[in-house]
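Novice: Got a structure for you, written out below as structure tokens; questions coming shortly.
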Amino acid sequence: MTDIHEGGCLCRAVRFKTRGKLRELIYCHCSQCRKQTGLYYAATNVLDSHMDVQGAGEITWYRSSSTARRGFCRHCGSALFWKGDDLDYTSILAGTFDGPTGLEPGYHIFCADKGDFYDIRDDLPRFAESR
Ligand SMILES: [Zn+2]
Ligand SMILES: [Zn+2]
């Protein structure tokens, strides 16, 4: 049985569908993720070959570092994707999926850069930087 998940942005200009099991969630607490989302990043990922995007032309890709871009809806501003250069997969923000997602918690990264206005109160593994 194929594991299908669908999601998209707030205004529905961008919709996506994934096939196959989704990776456990990684919570990224780096300053870039905080600035983009207002809190921290909770993302799964999927191979590009296992994802179809409708409305791809409505996505603005912002080059957030020398090695990655971040995709968001140019109409409603929803943060959707993180894409490392030369990677064959795309990270997808957990909150963009239509529920129920079945997504499983994984671990925290870049905890050293975490905002000072919240605490991490779970027992998941934590990494100061990347894993
Ligand atoms: Zn939108
Ligand atoms: Zn981050």
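Novice: Which percent of the accessible area of region 26-131 is formed by carbon and sulfur heavy atoms (probe 1.4 angstrom)?
Specialist: 48
Novice: If you don't mind, there's one more thing I want to ask. Lysine pairs in the chain with Cα distance under 26 Å, only those 8 or more apart or on different chains: how many are there?
Specialist: 5
Novice: Could I ask something else about it? Debye sum, Cα scatterers, the chain, no solvent: what log₁₀ I/I(0) at q = 0.13, 0.21, 0.22 1/Å?
Specialist: -0.53, -1.37, -1.47
The values are calculated or read from the model by the stated rules, or taken from the named source; none is laboratory data. Note that the coordinates shown come from a computational prediction; the quantities given were computed from them, not determined experimentally. Keep in mind that these areas ignore ligands, DNA and RNA; they rest on the heavy atoms of the full protein, side chains included. Shrake-Rupley method; radii C 1.70, N 1.55, O 1.52, S 1.80 Å.
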